[in-house]
Amino acid sequence: MVDSSLDTKRSFMLRLMLLRHAKSNSIPGVADLQRPLTERGYREAELVGQYLVSQQLLPELAIVSSATRTQQTWTTVSAAFKTPIRKITEERIYEASVDSIVQVIRNIEPGPRVVLVIGHNPGLYLTTEYLSGEGDEDAFERLEMGFPPASLTVMDFDVDAWGQVGEKGGRLLRFETPETMMG
């Protein structure tokens, strides 16, 4: 069922999607930056890719943390897309604060109107809270229960440049987890 609050044909100016990397585990002797996805993580990332395609939520640009688990999440998610999507690896998203993530968003060059950022918690959860001023009440309620691996937020901004994205300026359209993506 398609959520009527997310009409992909409506005239938003910019759309930002924040995706937490899929499931990974700590491995003794492996640095946090190098942690890989688990088998479950790969399944979650495949589900996210299928969901983005089925909901017509394809990004024009992906900005991905330099961590192994976020890179593997992107590779698996993007395999579902029929056309290649430009990707930028951004070290500043790894273990980033809200300020760092928002600065990365504000520095997106003109052109892409739909951007996917793949990063980590708690940064993505806190960035969603910071940027979302209004939106879907159910999405806000689910968000308060946590931001598990492979969770996705979708926010629209009524601005025409990424540098204008600011506190409470977004409309939270969706907060999805692997469970809600499966229907």
Take residue 104 and tell me if it is farther than 22 Å from residue 43 by Cα, under 13 Å from the mean Cα position of the chain (by Cα) and among the β-branched types (Val, Ile, Thr). no
Any chance residue 141 is under 27 Å from residue 37 (Cβ atoms) and assigned to a helix (DSSP H, G or I): no
Taking the range 92-115 and keeping only residues that are part of a helix (DSSP H, G or I) and either open to solvent by 20 Å² or more (accessible area, probe 1.4 Å) or within 15 Å of residue 163 (Cα to Cα) (or both), one is left with 92, 98, 99, 100, 101, 102, 103, 104, 105, 106
Would you call residue 134 open to solvent by 60 Å² or more (accessible area, probe 1.4 Å), free of Cβ contacts under 8 Å to residues at least 24 places away in the same chain and either not in a loop (DSSP other than H, G, I, E, B) or not acidic (Asp, Glu) (or both)? no
Number of the exception - residue 163 against (1) open to solvent by 40 Å² or more (accessible area, probe 1.4 Å); (2) out of contact with any helix residue (DSSP H, G or I) (no Cβ under 6 Å at 6 or more places or on another chain); (3) more than 20 Å from residue 55 (Cα to Cα): (2)
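Okay, residues lined up against (1) open to solvent by 50 Å² or more (accessible area, probe 1.4 Å); (2) of a type in the set (A, V, I, L, M); (3) at pLDDT 95 or above:
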residue: 41; (1), (2), (3): no, no, yes
residue: 45; (1), (2), (3): no, yes, yes
residue: 50; (1), (2), (3): yes, no, yes
residue: 55; (1), (2), (3): no, no, yes
residue: 58; (1), (2), (3): yes, yes, yes
residue: 61; (1), (2), (3): no, yes, yes
For the subset of the range 143-160 comprising residues that are touching a residue at least 60 places away in the same chain (Cβ under 8 Å) and farther than 28 Å from residue 109 by Cβ, which member is most open to solvent (accessible area, probe 1.4 Å)? 148
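The values are calculated or read from the model by the stated rules, or taken from the named source; none is laboratory data. Quantities reported herein were computed from a predicted structural model and do not represent experimental measurements. Every residue, glycine among them, receives a Cβ derived from its backbone with ideal geometry; neighbour counts consider all protein chains shown. SASA here: full protein model, heavy atoms, side chains in, ligands and nucleic acids out. Shrake-Rupley method; radii C 1.70, N 1.55, O 1.52, S 1.80 Å.
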